[in-house]
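The block underneath contains the structure these notes are about, expressed in C-alpha coordinates.
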Amino acid sequence: QVQLVESGGGLVQAGGSLRLSCAASGSSFSINAMSWYRQAPGKQRELVATITRGGLTNYADSVKGRFTISRDNVRNTVFLQMNSLKPEDTAVYYCKMIGTMGVYWGRGTQVTVSS
(Lines give C-alpha, C1' and ligand atoms only; values in the text may rest on other atoms or scores of the structure.)
Protein backbone atom coordinates (compact mmCIF):
# COMPACT_ATOMS: atom_id res chain seq x y z
CA GLN A 1 0.00 0.00 0.00
CA VAL A 2 1.55 3.28 -1.14
CA GLN A 3 0.94 6.38 0.96
CA LEU A 4 1.83 9.98 0.22
CA VAL A 5 2.25 12.34 3.15
CA GLU A 6 2.48 16.09 2.63
CA SER A 7 3.98 18.52 5.11
CA GLY A 8 5.07 22.14 5.30
CA GLY A 9 1.80 23.98 4.94
CA GLY A 10 0.73 26.77 7.25
CA LEU A 11 -0.15 30.43 7.62
CA VAL A 12 2.14 33.06 6.12
CA GLN A 13 1.91 36.74 5.30
CA ALA A 14 1.86 37.93 1.72
CA GLY A 15 5.38 38.07 0.34
CA GLY A 16 6.53 35.23 2.55
CA SER A 17 7.74 31.74 1.71
CA LEU A 18 6.84 28.15 2.47
CA ARG A 19 8.36 24.83 1.45
CA LEU A 20 6.09 21.85 0.96
CA SER A 21 7.28 18.26 1.02
CA CYS A 22 5.58 15.05 -0.03
CA ALA A 23 7.08 11.66 0.71
CA ALA A 24 5.94 8.32 -0.66
CA SER A 25 6.14 5.29 1.56
CA GLY A 26 4.79 1.79 1.86
CA SER A 27 6.28 0.07 -1.13
CA SER A 28 9.29 0.00 -3.36
CA PHE A 29 8.32 1.29 -6.78
CA SER A 30 9.56 3.57 -9.49
CA ILE A 31 7.95 6.98 -9.77
CA ASN A 32 7.76 8.82 -13.06
CA ALA A 33 6.05 12.19 -12.79
CA MET A 34 5.55 14.03 -9.51
CA SER A 35 3.16 16.95 -9.34
CA TRP A 36 1.62 19.49 -7.03
CA TYR A 37 -2.01 20.53 -7.39
CA ARG A 38 -4.07 22.97 -5.37
CA GLN A 39 -7.73 23.57 -4.70
CA ALA A 40 -9.10 26.81 -3.35
CA PRO A 41 -12.58 27.00 -1.76
CA GLY A 42 -15.27 26.91 -4.42
CA LYS A 43 -12.80 26.25 -7.22
CA GLN A 44 -11.65 23.22 -9.18
CA ARG A 45 -8.39 21.50 -8.41
CA GLU A 46 -5.64 22.91 -10.64
CA LEU A 47 -2.16 21.79 -11.59
CA VAL A 48 0.57 23.91 -10.03
CA ALA A 49 3.79 22.20 -11.14
CA THR A 50 5.13 18.92 -12.50
CA ILE A 51 8.57 17.35 -12.57
CA THR A 52 9.58 14.26 -14.53
CA ARG A 53 11.99 11.62 -13.31
CA GLY A 54 14.63 13.24 -15.47
CA GLY A 55 14.07 16.64 -13.94
CA LEU A 56 12.01 18.39 -16.60
CA THR A 57 9.59 20.86 -15.04
CA ASN A 58 6.38 22.60 -15.98
CA TYR A 59 4.52 25.33 -14.09
CA ALA A 60 1.17 27.02 -14.13
CA ASP A 61 1.48 30.57 -15.45
CA SER A 62 0.24 31.94 -12.14
CA VAL A 63 3.25 30.58 -10.22
CA LYS A 64 6.07 30.87 -12.76
CA GLY A 65 9.05 32.69 -11.31
CA ARG A 66 7.77 32.27 -7.74
CA PHE A 67 7.49 28.50 -7.17
CA THR A 68 10.12 25.83 -7.73
CA ILE A 69 9.45 22.10 -7.84
CA SER A 70 12.22 19.59 -7.13
CA ARG A 71 12.50 15.92 -6.23
CA ASP A 72 14.68 13.35 -4.50
CA ASN A 73 14.45 10.12 -6.46
CA VAL A 74 16.23 8.11 -3.77
CA ARG A 75 13.72 9.10 -1.08
CA ASN A 76 10.71 9.29 -3.42
CA THR A 77 10.05 12.81 -2.22
CA VAL A 78 8.88 15.91 -4.06
CA PHE A 79 9.25 19.49 -2.85
CA LEU A 80 7.60 22.78 -3.69
CA GLN A 81 9.44 25.95 -2.73
CA MET A 82 6.95 28.80 -2.73
CA ASN A 83 8.26 32.36 -2.63
CA SER A 84 6.56 35.75 -2.91
CA LEU A 85 3.31 34.20 -1.80
CA LYS A 86 0.05 36.01 -2.56
CA PRO A 87 -3.38 35.74 -0.93
CA GLU A 88 -4.64 34.06 -4.10
CA ASP A 89 -2.21 31.20 -3.45
CA THR A 90 -4.39 30.20 -0.49
CA ALA A 91 -5.57 26.63 -1.07
CA VAL A 92 -5.18 23.02 -0.05
CA TYR A 93 -2.09 21.68 -1.82
CA TYR A 94 -1.99 18.05 -2.93
CA CYS A 95 0.86 16.00 -4.28
CA LYS A 96 0.36 13.39 -6.96
CA MET A 97 2.74 10.68 -8.09
CA ILE A 98 2.52 8.49 -11.15
CA GLY A 99 4.51 5.31 -10.83
CA THR A 100 4.84 1.79 -12.09
CA MET A 101 2.15 0.68 -9.65
CA GLY A 102 -0.41 3.37 -10.39
CA VAL A 103 -1.43 6.93 -9.57
CA TYR A 104 -1.36 8.16 -5.99
CA TRP A 105 -2.57 11.29 -4.22
CA GLY A 106 -1.75 12.77 -0.86
CA ARG A 107 -4.43 14.02 1.51
CA GLY A 108 -3.41 17.64 1.18
CA THR A 109 -1.86 20.37 3.27
CA GLN A 110 -3.43 23.78 3.86
CA VAL A 111 -1.60 26.91 2.77
CA THR A 112 -3.08 30.22 3.89
CA VAL A 113 -1.61 33.54 2.80
CA SER A 114 -2.82 36.61 4.67
CA SER A 115 -2.84 40.06 3.13
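Things worth noting here:
- Hits in the stretch 13-41 - residues which are small (Gly, Ala, Ser) and either assigned to a loop (DSSP other than H, G, I, E, B) or touching a Gly at 6+ places or on another chain (Cβ under 6 Å) (or both): Ala14, Gly15, Gly16, Ser17, Ser21, Gly26, Ser27, Ser28, Ser30, Ala40
- Residue list for the stretch 57-104, restricted to those being in contact with a Phe, Trp or Tyr (Cβ under 6 Å, 6 or more places away or on another chain) and either over 28 Å from Phe29 (Cβ atoms) or open to solvent by 40 Å² or more (accessible area, probe 1.4 Å) (or both): Ser70, Thr100, Met101
- Within the stretch 26-56, considering residues that are open to solvent by 50 Å² or more (accessible area, probe 1.4 Å) and of a type in the set (Gly, Ala, Ser), the one nearest to Val92 (Cα to Cα): Gly42
- Condition check for Val48: of a type in the set (A, V, I, L, M), touching a helix residue (DSSP H, G or I) at 6+ places or on another chain (Cβ under 9 Å) and modelled with pLDDT of 95 or more: yes
- Ala23 vs. criteria surrounded by fewer than 19 Cβ atoms within 10 Å (Cβ to Cβ), among the aliphatic types (A, V, I, L, M) and under 20 Å from Ser115 (Cα atoms): no
The values are calculated or read from the model by the stated rules, or taken from the named source; none is laboratory data. As the structure is a computational prediction, the values presented were derived from the model and not from experiment. Cβ: placed from backbone, ideal geometry, glycine included. Neighbour counts: every protein chain shown. For the accessible areas, the whole protein counts, side chains as well, though only heavy atoms, and no ligand, DNA or RNA atoms are used. Shrake-Rupley method; radii C 1.70, N 1.55, O 1.52, S 1.80 Å.
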